[in-house]
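The values are calculated or read from the model by the stated rules, or taken from the named source; none is laboratory data. This one's a predicted model, so the numbers in the text were calculated from it and none came from an experiment. Using ideal geometry, Cβ is built from the backbone for each residue, glycine included, and neighbour counts are taken over all protein chains shown.
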Amino acid sequence: MTTRWFGARVQRVEDDRLLRGHGRFTDDIDDGALESCIVRSPFAHARIRSIDVTAARAMPGVAAVYTAADLPFGQTDLPILIPHPNLTHGRTQRCLASEVVRYVGEAVVFVVAESRSVAEDAAELVQVEYEPLPVVITPESAALAEHLVHDDVPGNVAAELIQEAGAVEAALAASPRRKSLHFRFERGAACPMEGRAVWARWSAAEHRLTVYDSTQSPTSIRGGLAVLFGLPESNVEVIAPDVGGGFGPKIMLFYPDELLVPFAALKLGRPVKWTEDRQEHFTAVNQERGQVHEVEVGFDDDGKLIALDVDFIHDGGAYTPYGIILPIITAAQVPGPYRVPNYRVRFRDVYTNATPTSPYRGAGRPHACFVMERTLDAIAAELGLDRTEVRRRNLIEPDQFPYEVGVVWQDGNQVVYDSGDYPALVERALEMLGPRPEGDHIGMGLSPYVEGTGVGPYEGAHVQVLVSGKVVAATGIPNQGQGHATVWAQIVADQLGVDVSDVEVSSGDTRRFQWGVGTFASRAAIMAGNAMAVAAGMVAEKAKHIAAEHLEADPADLELAGGRVRVKGSPDRGIPLAAVAVLSNPMRYAFGGGTEAATQFAAKPRPGPPLLEGERPGLEATGYFSPVGSAWAAGCHAAYVRVDPKTYRLEILKYVVVHDCGRLINPLVVEGQIEGGVAQGIGGAFYERLAYDDEGQLRNASFMEFLMPYATEIPAIEIDHIETPSPLNPLGIKGAGEAGVIPVGAVLASAIEEATGVPITEMPLSPLKLFELVRAQS
Amino acid sequence: MRINGVVHAAPVDPRRLLSDHLRHDLGLTGTHVGCEHGVCGCCTVLLDGAPVRSCLMLAVQAEGHEVTTIEGLAADGAPLHPVQQAFHECQGLQCGFCTPGFVMSVVGLLAQHPNPTAQQVDEGISGNLCRCTGYASIRRAVVRAAELSPSPRRGAISESSSSSPLRAQGRGEGGTKK
């Protein structure tokens, strides 16, 4: 394999149509579709006394109004996506609520009409009578369990899990120094710029259901719909077209609309579409980040960790559709890049009367990083040591890999770091950060971190050389802006010796590739990237074997380069890939781009049938990749910030990132991921707080009040890379999607604490929160 | 109204938003809708050369005006407009959803400030939200677009249009920010 494209700063191949306004997002698809809207609960917890849809049904232009009673699956609990033995009291919602609603925004009635405005007008005629019930909104109050979110879940505890590596009680007792710490995180939201949307069409003639869905997992949606509607999977097509950002919450099986829209299309025999509006996005789409941590740490006079005991509550929201992945990730990631000889972690995943939680970029990792880094800062403060020096003394050394942490990972296996050089990341970050700027009210923060990436089980890819010589490559994993089409094309182009522009990539379309899992957990590059390399490698081998016959050469002496299969060392002796594609199909009438070239290599007579045993027509192959374990990326962020002493506005004077995601496929794409992640991290640390009141009402469900950063809040970010290849996949790559977010809160907290002199133990902050903290201290 | 140079005389429902009219009546789906309350800037189009939020305008308010959407910047098959080209070169986009709004804002910005200062760049794009890029690459794209633009006064964009009362009014717009 030549490596001409892998590692190069290749400009993205998907940009042109997006820049011309020719992208195709779900709401852009129309085709005479009926439109719809969802009547949602205005209460965080209430019993439904009655639902009257008579007036809505009678309204001209209304095609259908559905309540739970109208759905054949109306009394079916939606699935728990990832069950776990410790999830003893898992609960999921039903497609439409008919008895009890447990969060503001829970779906109750579905209205389908000739237009969106008619649907919305009809929705206003729906009469639902509610009997309000007591509301549980904070994780602390959930744990106290004065009121229950689910009558049959004692203590509001969905799951409890305790893990221990070493002997924490004894080690704490023997520690020369101990500290107790408390940390708190409030909810935030991913807020992709495109909300969610679903479009569906039932073709009675073809007996075929076609669904466009702004999802991160079309193959799983397809599997679920086929079961629900009793159709063979081959009669259900699910396509994630252009998706306007995902960041986690666009993967969920199922959001009610993902069932309601196809159901209505089946019933009504017309395409049906639903497009979320921004206000409903704020309560109907999963959220994350609510956790409360109690930490007990034992350490010696040199600042070396001896024991760490973490007990935390995870705010699961009203239901647990996604299982307990989030607290499992937090529990696994608290030790981060440090040696923690004795580690115990207990969590309780508790129900609250708020939107369910599921992974949002970072997915439990920012909390874990914050807890560890704030703990190290507290140790440094107590001992009067330099914060970075305390980190140096505890970092895992480069010769300690593979490194076992002693707790389980989200895939059920033990956490084992595969490779890395954490001290190098810290030293490079310090070097890039440079001297402290002049002035007052300035603080410095630094945080290394690790990120488990690329969980299995598998992804696959299909690669085919067309008779035009162009290459099509398809994978089931969908794209939400990460530049997949470019990086897959780079990998395939290298294997086949063609130009990146000759490779057309399809992703997230079950018509093109029907197996796969989804885009989450920083897994796309590792999983689909390696699958692309496998499939394209198989195509290359096949091309060599076909060409070898015609070039009268040994396949081992051939190579693919410049769009040709040629003899190594004699580049003139070769045959275009297009011609090989023609020859790969022993049909009677050849046509297509490579035909003319192929005729000079007319099929040579050979004994037996034209397709020998085991041969298949076509220059194509399907390949899969399945990892033995996660690849652990790492990095270090550092910053200087200034906090205005009057307004408490945050000014980020310098922000540097050193990042290690193994071998880089495309630095341009990785840097885009990091820059975007840091911005989201800054938003989550200082601006974006979902403000629920005691009644469970979200008080800032709009972009006017939920303050996502604009360009004016986000500084320039300096990025450098080191590469420690992962030994766990052939390409040596590690995931990069979430890295930008993870340590931002920890870095800013450390810097703000130094700048203001007040202890920072919670996220997110805001100018007002800082002002209150400073005032409370003085 | 004229849209991308073509006169459209079809009647429009009085309560139809300009954004919905463009997307659903005329099929110009390059203009995206991200919040419907004038904050995110995804729906930004040019009205007589100045950036406006098409989700805060009724279609009928555009009567007698020239509307330019993302589809109007470069003809199919023709090279990209310098701002589009710069976004490509600098990876000023990822998912592409906010991109048409950013591109239209930057076209408006460069018409006003052909060689913008760093502060003018930030202010010029501070009426648009992006959740993917972290803005750094968009800033670079604005600088690059200024380099690529053939002359300070391109197309039909006029300096005076910046005083339009319909100018974008999100919470982050220019000098009114916070």
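General observations
- Taken residue by residue, segment A:274-282 has at least one member that is surrounded by 23 or more Cβ atoms within 10 Å (Cβ to Cβ) and not hydroxyl-bearing (S, T, Y).
- Matching option when the condition is over 17 Å from A:R278 (Cβ atoms), touching a residue at least 40 places away in the same chain (Cβ under 8 Å), at the interface with chain A (Cβ under 10 Å from one of its Cβ atoms) and surrounded by 24 or more Cβ atoms within 10 Å (Cβ to Cβ), among B:G30, B:G41, B:G34: B:G30
- Test: residue in segment A:13-29 that is among the hydroxyl-bearing types (S, T, Y), under 30 Å from A:D242 (Cβ atoms) and surrounded by 18 or more Cβ atoms within 10 Å (Cβ to Cβ): yes
- Selected residue [more than 11 Å from chain B (Cβ to nearest Cβ), assigned to a helix (DSSP H, G or I) and not aliphatic (A, V, I, L, M)] from A:G684, A:G677, A:G672, A:G696: A:G684
- Restricting the search to strands (runs of 3 or more DSSP E) fully inside segment A:184-266 and requiring at least 1 residues that are modelled with pLDDT under 95 gives an empty result.
- Annotation: of all residues in segment B:104-129 being of a type in the set (A, V, I, L, M, F, W, C) and within 7 Å of chain A (Cβ to nearest Cβ), the one that is farthest from B:S19 (Cα to Cα) is B:I125.
- Search result, residues across segment A:472-511 that are part of a strand (DSSP E or B) and more than 14 Å from chain B (Cβ to nearest Cβ): A:V472, A:A473, A:A474, A:T475, A:V503, A:E504, A:V505, A:S506, A:D509
- A search for C-beta distances below 8 Å between a residue of segment A:166-193 that is in contact (Cβ under 8 Å) with a residue 24 or more places away in the chain and any residue that is among the hydroxyl-bearing types (S, T, Y) and assigned to a helix (DSSP H, G or I), counting only pairs 6+ apart in sequence or on different chains, returns A:K179/A:T375; A:L181/A:T375.
- Conditions (1) at pLDDT 95 or above; (2) outside any strand (DSSP E or B); (3) more than 30 Å from A:V500 (Cβ to Cβ): number failed by A:G629: (1)
- Qualifying residue in segment A:47-54 (condition: within 23 Å of A:G105 (Cβ to Cβ) and within 14 Å of chain B (Cβ to nearest Cβ)): no
- Screening segment A:428-471 for residues that are assigned to a strand (DSSP E or B) and of a type in the set (S, T, N, Q) and picking the one that is farthest from A:S506 (Cα to Cα) gives A:S447.
- Scanning segment B:53-76 for residues that are exposed (fewer than 15 other Cβ atoms within 10 Å of the Cβ) and more than 10 Å from chain A (Cβ to nearest Cβ) yields B:E63, B:G64.
- Any hit, segment B:98-109, residues being assigned to a loop (DSSP other than H, G, I, E, B) and surrounded by 24 or more Cβ atoms within 10 Å (Cβ to Cβ): yes
- The number of residues in segment A:759-778 that are surrounded by fewer than 17 Cβ atoms within 10 Å (Cβ to Cβ), of a type in the set (A, V, I, L, M, F, W, C) and under 26 Å from A:E438 (Cβ atoms) comes to 2.
- For A:H293, the conditions (1) under 30 Å from A:S214 (Cβ atoms); (2) touching a strand residue (DSSP E or B) at 6+ places or on another chain (Cβ under 9 Å); (3) not aromatic (F, W, Y) all hold with the exception of (1).
- Some residue of segment A:115-123 being free of Cβ contacts under 8 Å to residues at least 40 places away in the same chain and in contact with a Pro (Cβ under 9 Å, 6 or more places away or on another chain): no
- Taking segment A:267-276 as the range and being in contact with an Asp or Glu (Cβ under 6 Å, 6 or more places away or on another chain) and either assigned to a loop (DSSP other than H, G, I, E, B) or among the small types (G, A, S) (or both) as the test, only A:P271 passes.
- Listed by first and then second residue, the pairs with beta-carbon distance under 8 Å, at least 6 apart or on different chains, first residue in segment A:752-778 and under 27 Å from A:A190 (Cα atoms), second of a type in the set (F, W, Y) and assigned to a helix (DSSP H, G or I), are A:M763/A:F370; A:P764/A:F686; A:L765/A:F686; A:S766/A:F686.
- Among the conditions (1) facing chain A (nearest Cβ under 9 Å); (2) in contact with a helix residue (DSSP H, G or I) (Cβ under 9 Å, 6 or more places away or on another chain), B:A10 misses just one, which is (1).
- Residue match in segment A:721-728 (condition: within 22 Å of the chain's Cα centre (by Cα), part of a loop (DSSP other than H, G, I, E, B), crowded, with 22+ Cβ neighbours inside 10 Å and touching a residue at least 40 places away in the same chain (Cβ under 8 Å)): yes
- Condition check for A:V292: touching a Pro at 6+ places or on another chain (Cβ under 6 Å), modelled with pLDDT of 95 or more, within 14 Å of chain B (Cβ to nearest Cβ) and at negative phi: no
- Residue in segment A:411-426 that is in contact (Cβ under 8 Å) with a residue 12 or more places away in the chain, of a type in the set (A, V, I, L, M), surrounded by fewer than 24 Cβ atoms within 10 Å (Cβ to Cβ) and more than 21 Å from A:C661 (Cβ to Cβ) present: no
- Among the residues of segment B:93-102, those identified as touching a residue at least 12 places away in the same chain (Cβ under 8 Å) and at the interface with another protein chain (Cβ under 7 Å from one of its Cβ atoms) are B:L93, B:Q94, B:C95, B:F97, B:C98, B:T99, B:P100.
- Residue count for segment A:15-38, restricted to those that are touching a Leu at 6+ places or on another chain (Cβ under 9 Å) and either outside any helix (DSSP H, G or I) or more than 9 Å from chain B (Cβ to nearest Cβ) (or both): 5
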